[in-house]
1. If you roll a 1.4 angstrom probe over the protein chains with everything in place, what fraction of the accessible area of segment 191-236 belongs to carbon and sulfur, to the nearest %?
2. Run the simple label-point estimate for Gln248 and Asp147 please: 7 Å along Cα→C-beta, distance reported in nm.
3. Would you kindly state how much longer the chain becomes between Tyr256 and Lys140 on full extension, computed as 0.36 nm times their sequence separation minus their alpha carbon distance, in nm to one decimal?
4. Please compute the net charge surrounding Asn118, taking Lys and Arg as +1 and Asp and Glu as -1 over other residues with Cβ under 12 Å from its Cβ.
5. Please compute the per residue accessible area over the chain with all protein chains in place, 1.4 Å probe, rounded to a whole number of Å².
6. With a ≥ b ≥ c the root eigenvalues of the C-alpha gyration tensor of segment 175-240, is it rounded (a/c under 1.5), prolate (a/b larger than b/c) or oblate?
7. Take the Cα coordinates of segment 160-298, assign each an equal point scatterer, and use the Debye formula without solvent to give log10 I(q)/I(0) at q = 0.10, 0.15, 0.17 Å⁻¹.
8. Using helices alone, what [θ] at 222 nm do you get for the chain, with -39,500 (n - 2.57) per DSSP H run of 4 or more residues, divided over all residues and rounded to the nearest 500?
Amino acid sequence: MGANVEIINNINDTALIFEGGGMRASYTAGILNILLENKLFFNYVAGISAGSSHTVNYLSRDPLRSRKSFVELVNDPKFGGWGSFLKGKGFFNAQYLYEETSHKGGPLEFDLATFISNPAKLRIGAFCGETGKMIYYEKKHMQTLEDVVKIVRSSSSMPVFMPPTVYQNKLMVDGGLGGGIPLDIAIEDGYQKYFVVLTQEKGYRKKPMKLRRSIRLYYRKYPRIAEAMIRRHIIYNRTLDQLEKLEQEGKAYLIYPDSMPITNRETNFDRLEQSFSAGYNQGKRDVIEWRRFLTEVH
């Protein structure tokens, strides 16, 4: 799109929120494509983990990159897998996927000019392993490509399956440890209406972690990561309860997948493509309802 084109957003009173979910984001990439195709341009976007990739792709108005990130890229021989995991690069090869693909001419070339030109406010959440606290980054922290990809990688560094990301001398891991749905920061930023793109079916609740002793042993040098993993289901389920209450009050529109056919670690191209298509078709069906909610005055 380029930096010389004025970018105008047309939804100013509602926060767009993307949940994480690893490769389940292939489904919500279809939702993102429908938002952009229908020129539903929010002036505030928050994302965590895989949702952080959606956040930057949405603000750079790049539906193709959104799809590539969670569908086509799986065919790249450097994508990852157990061989990559055993070499210490992660089941998802984070260094390559986030930091080496986004440069000019790369398989996920990122339109930094459009991203920076978009006046929308942005929030991306990542978890600091040393302090045990969430850090929510803003657009002002993401003025170079290097900062964009490092912050998105930080937010997406899935515990155990991906190595932590060191950013500005901080050891960062997946923002999902803070819950996984960045409703808290949207409320803190003053929003009272929410459009939330979720990656689990309606009625889902996260169960307590079983391997607590093993997790504490694995992260013995970073006990705050272990404790956050163990407590994550409490925060996540509490946020879903809060969202359902907001939905009943007419203050939130929650997009649940009709069905979620894959796990967060899916690596089969055909299944990811089917997941994307299912999300895209769901969005195409429901976009009239979205518009109705977004134009309602509270």
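1. Carbon and sulfur: 53 percent of the exposed surface of segment 191-236.
2. In this crude spin-label approximation the distance works out to 4.2 nm.
3. Details: separation 116, 0.36 × 116 = 41.76 nm, distance 3.12 nm.
Length gained, Tyr256 through Lys140: 38.6 nm.
4. Charge balance near Asn118 sits at 0.
5. For the chain, the solvent-accessible area averages 45 Å² per residue.
6. Taking the square roots of the gyration eigenvalues as a ≥ b ≥ c, segment 175-240 is oblate.
7. Here log10 of I(q) over I(0) equals -0.46, -0.96, -1.14.
8. -12500 deg cm²/dmol
The values are calculated or read from the model by the stated rules, or taken from the named source; none is laboratory data. It should be emphasised that the depicted structure is a prediction, and the values quoted were computed from it without experimental measurement. Note that we place each Cβ from the backbone using ideal geometry, even for glycine, and neighbour counts take in every protein chain shown. Accessible surface areas use protein heavy atoms only, side chains included; no ligands, DNA or RNA. Shrake-Rupley method; radii C 1.70, N 1.55, O 1.52, S 1.80 Å.
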